[in-house]
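See below for the structure under consideration.
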Amino acid sequence: MTVSRPNTLHRLAFAVTAVSMMFSVDGTIAHATADSPPAVVISLPAPTGDLPVGVTEIRFEDSDRPDPWRADQRRELMVRIWYPAADSASAPTTPWITGGALQAQTSDLTDLGIDPDRWEFGPGHSQLDAPARTAGGPFPILLFSPGMDDPAGLSTAQAEDLASHGYIVAAINHTHEAFAVQFPDGRTERTVIPLDSPPEVLSDVLLPVRVADTRFVLNRLTDIATGTATAETVDLAPSLDPTRVGMFGHSLGGSTTAQAMHDDPRIRAGANLDGPLLGPVVADGLNRPLLMLGNDNPRWLNRENWDPFWPNNSGAKIPLRLSGTEHMSFNDVGLILPQLTTAGLLPATTTESIIGNANPSRSLDLQRTYLRTYFDLAFGRTDGNLPETITHLAQPGVYLHP
């Protein structure tokens with residue numbers, strides 16, 4: 001079976017539309033001039049929960065594993081962690097997108113012909129290195145794996161919201177695959193994976209590395225929770241609950257979620273956001289629940305693996321589609337492009353080709369609602385039959401696959 005590469009589709013969408021972006025909506029060449037309006041501030045919707053949110057970044061080094069792309073180095077990962085913060089926290093609010101994620105978005109938007117001086121990202125809603133909340137804890141851990149080539153910070157809208165409802169979200173930068181990853185010593189490690197690699201690179205090369213990254217990060221978070229290791233930035237030990245671990249991911253990160261669940265029984269529930277199913281999990285199935293939120297135009301997905309009935313699977317498998325969406329609707333790109341279109345910097349046809357025609361606020365609300373409801377049910381934070389509740393959640397615009 002041949003499966004198109006998820007993030008090849010992502011980058012291809014940007015490349016195909018780049019030529020059209022050389023023109024403004026009325027067909028003339030778009031140039032910034034001295035009389036150009038000030039930069040458009042792209043805003044991030046506030047989280048919906050009652051808890052304040054903190055964010056920190058931790059460097060983890062796996063002394064037992066060489067880096068698969070740099071054999072002379074140990075595997076190093078930067079993990080961005082959102083968490084419920086103490087009510088008294090007074091730390092500064094962090095920017096929405098920084099570091100490698102900012103570099104990636106700047107590159108993508110520049111490729112679309114948008115002058116970097118014409119836009120800027122507004123603030124996030126998380127406080128940098130704020131003291132972690134202990135009241136109501138410890139809190140479930142949700143691991144997150146981004147799409148191929150994507151840095152971890154491009155799903156901030158989902159992560160902040162989950163943290164505001166009492167989850168700790170640990171987003172993994174897969175070093176040397178992600179577009180760019182910045183380390184505390186000032187280094188920036190860039191991708192070494194060609195975007196025109198053969199499709200089998202996903203399942204045979206990238207997927208095993210990502211699963212190993214995921215299991216290592218979970219080991220280190222467990223060490224912090226049990227007091228055998230410390231986080232250099234924030235004391236997270238009292239807040240982490242390593243007995244309640246879930247995972248979600250976008251695109252290849254969704255693939256990573258399913259395979260990591262297959263390989264590590266500590267991950268009790270997973271959510272795949274528009275990713276193909278790859279690796280041994282396809283044949284073996286799972287004995288734990290997997291939510292699958294897909295786009296409305298599944299031209300590249302391995303559709304048979306999205307069917308509700310999966311051979312050898314005993315866990316609840318819930319494949320849903322969001323009407324009016326495309327592949328890049330499931331991370332922060334789904335919020336960024338519409339605001340550029342509204343500002344006249346990006347044609348509506350370009351935005352729709354990449355994220356679909358669903359209302360972006362509505363799309364985000366659906367994603368947040370389903371993720372939160374799903375994990376609340378999976379961890380017993382709310383009562384109800386998980387597959388029945390999720391399948392029949394009264395949200396127009398969501399339908400069962402196929």
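If you go through the stretch 345-402 one residue at a time, how many are more than 16 Å from residue 297 (Cβ to Cβ), assigned to a loop (DSSP other than H, G, I, E, B) and either in contact with a strand residue (DSSP E or B) (Cβ under 7 Å, 6 or more places away or on another chain) or not small (Gly, Ala, Ser) (or both)?
13
Yes or no, residue by residue, for (1) closer than 23 Å to residue 376 by Cβ; (2) under 17 Å from the mean Cα position of the chain (by Cα):
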| site | (1), (2) |
| --- | --- |
| 149 | no, yes |
| 155 | yes, yes |
| 159 | yes, yes |
| 164 | yes, yes |
| 169 | yes, yes |
| 174 | no, yes |
| 180 | no, yes |
| 190 | no, no |
| 198 | no, no |
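Name every residue in the stretch 99-135 that is without any contact (Cβ under 8 Å) to a residue 60 or more places away in the chain and either under 24 Å from residue 166 (Cα atoms) or of a type in the set (Ser, Thr, Tyr) (or both), in order of residue number.
Matches in the stretch 99-135: 106, 110, 135.
Would you check which residues across the stretch 258-272 are of a type outside the set (Lys, Arg), under 20 Å from the mean Cα position of the chain (by Cα) and open to solvent by 20 Å² or more (accessible area, probe 1.4 Å) and list them?
Scanning the stretch 258-272 gives a single hit, 262.
Would you kindly identify the strands (runs of 3 or more DSSP E) lying entirely within the stretch 254-340 that contain at least 2 residues that are modelled with pLDDT of 95 or more?
Per the criteria, 267-273, 290-294.
From (1) modelled with pLDDT of 50 or more; (2) surrounded by 15 or more Cβ atoms within 10 Å (Cβ to Cβ); (3) within 19 Å of the chain's Cα centre (by Cα), pick out the condition that doesn't hold for residue 76.
It is condition (3) that residue 76 fails.
Filter the stretch 336-346 down to residues that are open to solvent by less than 20 Å² (accessible area, probe 1.4 Å) and in contact (Cβ under 8 Å) with a residue 24 or more places away in the chain and give me whichever is farthest from residue 113 (Cα to Cα).
Only one residue tops the list, namely 336.
Here is a yes/no grid of residues against (1) basic (Lys, Arg); (2) open to solvent by less than 40 Å² (accessible area, probe 1.4 Å); (3) out of contact with any helix residue (DSSP H, G or I) (no Cβ under 7 Å at 6 or more places or on another chain):
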{"position": "67", "(1), (2), (3)": "no, yes, yes"}
{"position": "72", "(1), (2), (3)": "no, no, yes"}
{"position": "83", "(1), (2), (3)": "no, yes, no"}
{"position": "91", "(1), (2), (3)": "no, yes, yes"}
{"position": "96", "(1), (2), (3)": "no, yes, no"}
{"position": "113", "(1), (2), (3)": "no, no, no"}
{"position": "119", "(1), (2), (3)": "no, yes, no"}
{"position": "125", "(1), (2), (3)": "no, no, no"}
{"position": "135", "(1), (2), (3)": "no, no, yes"}
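Out of all the residues in the stretch 200-257, which are more than 18 Å from residue 173 (Cα to Cα), among the hydroxyl-bearing types (Ser, Thr, Tyr) and open to solvent by less than 30 Å² (accessible area, probe 1.4 Å)?
Residue satisfying the conditions is 239 alone.
Test of understanding: among 374, 399, which residue is buried (at least 22 other Cβ atoms within 10 Å of the Cβ) and in contact (Cβ under 8 Å) with a residue 24 or more places away in the chain?
374
Between residues in the stretch 53-78 that are of a type in the set (A, V, I, L, M) and residues that are open to solvent by 80 Å² or more (accessible area, probe 1.4 Å) and in a loop (DSSP other than H, G, I, E, B), which pairs lie under 9 Å by C-beta distance while being six or more apart or on different chains?
58/232; 78/184
Tell me whether the stretch 163-185 contains one or more residues that are among the aliphatic types (A, V, I, L, M), crowded, with 24+ Cβ neighbours inside 10 Å, over 27 Å from residue 375 (Cα atoms) and modelled with pLDDT of 95 or more.
Scanning the stretch 163-185 turns up at least one residue that is among the aliphatic types (A, V, I, L, M), crowded, with 24+ Cβ neighbours inside 10 Å, over 27 Å from residue 375 (Cα atoms) and modelled with pLDDT of 95 or more.
The values are calculated or read from the model by the stated rules, or taken from the named source; none is laboratory data. Note that this is a predicted model, so its numbers are computed, not measured. FYI the Cβ positions are ideal-geometry reconstructions off the backbone, even for glycines, and counts take in every protein chain you see. Only protein heavy atoms, including side chains, enter the accessible area calculation; ligands, DNA and RNA are left aside. Shrake-Rupley method; radii C 1.70, N 1.55, O 1.52, S 1.80 Å.
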